[in-house]
């Protein structure tokens, strides 16, 4: 029986850690900084718990004590399920450093359950140890079972649970699982622990019911914690989708779903200006599918019968959110959706497109470095047909002390494209501020006729062209490469800049 307990507790530890990144994401993001903080905090707490568990086993060794220890694990996990939202909000909003915010949030949410869970394995090992002659075999067997449980929990959490259940529900499941193990560890006088298990089940039902009354809709997947929120922009009703704190990744006017909401998305209209006969469009990054809907509506100016739009979106749940809440058409034959990583798609495919739109840099919290390197630029260049163009959205500062992330991506793009032009969405006259920067890249050198705002076909296009910036490459910033892409360090600089302003 103890073997089952140590295997299952090892599995629940890893389920707790896997879901940890999900429940912290709305408050501190999903970057490598957050994963580093979470793993470091959990390992530290498990280490301290292991020490305390060994000391407890030497002083008070019994199955009844083990059952009480497992009940404490259940209570600590229940407290995490109840208060993770509050702790995450406080840490994310009041601590300006992302590293410290992530560490404090991880400590506040997972220190207690990590400490309690760390005590279980050494206690069971000591309880099972009969003689010194068989101590080595006993320790090895139980350690192997605990590790096997952790492996099972990793795959169970990452591949199955997170795909089907909200993070809070999984946390309650871990709490109930530890409560069940406390009954399994010792069947004598189980009434108090059985009552505790029933109380935790009632709290779980109440807590999950209350979560459904939140002012946003929450959809969780293996890749994202997706929040869908309704509000107003002036007098017009809007719907927003967010995956990182402080940023919304996409938006829609509820009274006109095909109209572009985010200011930066309107710069994709430059594609129709520079490649007016474009028929094949590739969109890397779907999000709320604002741009694909706009293309299919005919408002882009690309209205030919042969228009074909291919969208590469990593997260199938994001596509489903777009269909459920953002009026994405289900059966338009002009739209092809591929669920894959954008870089992996580029590496595999050999087709060429008249226009390639890139919108994968959603915020400063999670930067897909592999889409901003020289090697990625070469693959994007290969996907652009002769006479075509690429338009990419990057969040950053074009010049100055906070420009390292943008400059590293900009310089990487310049290694593959003959011309790269920059447009400042927020304020083109202040290149030092954090804003959306749209990169327009041509595989071949182009005449400068298209740049003339005075000759633009419409006032809206003239306004877009007037936002063009003259950007000088920073010699101190190297272009990103697959082998060296310090985007976390650059992104932290941007977050600090955001807080300064």
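Taken together, the values in this text are just the output of simple stated rules run on the coordinates, not laboratory data. Fair warning: this is a prediction, and the values are worked out from it, not measured in the lab. Using ideal geometry, Cβ is built from the backbone for each residue, glycine included, and neighbour counts are taken over all protein chains shown.
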Calculated FRET efficiency for the pair residue 429/residue 47, C-beta based, R₀ 35 Å, to 0.05: 0.05
Cα point-scatterer Debye curve for the range 1-112, base-10 log of I(q)/I(0) at q = 0.09, 0.12, 0.20 Å⁻¹: -0.27, -0.46, -1.04
Correct option for Cα extents along the principal axes in Å [calculated from the coordinates] among (1) 65, 55, 45; (2) 60, 59, 47; (3) 88, 47, 43: (3)
Separation of alpha-carbon centers, the range 430-501 and the range 51-70, rounded to whole Å: 60
Net lengthening on full extension, residue 32/residue 86 (0.36 nm per residue, minus Cα-Cα): 17.2 nm
Neighbour-count ranking [beta-carbon atoms within 10 angstrom, fewest first] of 293, 411, 192: 192, 411, 293
Difference of contour (0.36 nm per residue) and Cα-Cα distance, residue 336 to residue 139: 65.4 nm
Calculated [θ] (222 nm, deg cm²/dmol) that DSSP helices of n ≥ 4 give over the chain, each run adding -39,500 (n - 2.57): -17000 deg cm²/dmol
Relative contact order %, the chain, counting alpha carbon pairs below 8 Å whose residues are six or more apart: 13
Sequence ranges 134-146, 63-75, ranked by mean other-Cβ count within 10 angstrom, highest first: 63-75, 134-146
FRET E, pair residue 444, residue 154, Förster distance 60 Å, beta-carbon r, rounded to 0.05: 0.80
Contour excess over end-to-end distance, with Cα ends at residue 163 and residue 195 and 0.36 nm allotted per residue: 8.4 nm
Ranked list, fewest to most other Cβ atoms within 10 Å of each Cβ, for 331, 449, 359, 324: 331, 449, 324, 359
Equivalent-ellipsoid semi-axes of the range 57-187, from the Cα gyration tensor, Å, largest first: 31, 16, 15
Distance (nanometres) between label positions extended 7 Å along Cα→Cβ at residue 320 and residue 455: 5.1
126, 55, 94 arranged by Cβ crowding within 10 Å, fewest neighbours leading: 94, 55, 126
Cα Rg, Dmax (largest Cα-Cα span) when computed across the range 294-345, Å: 12.0, 31
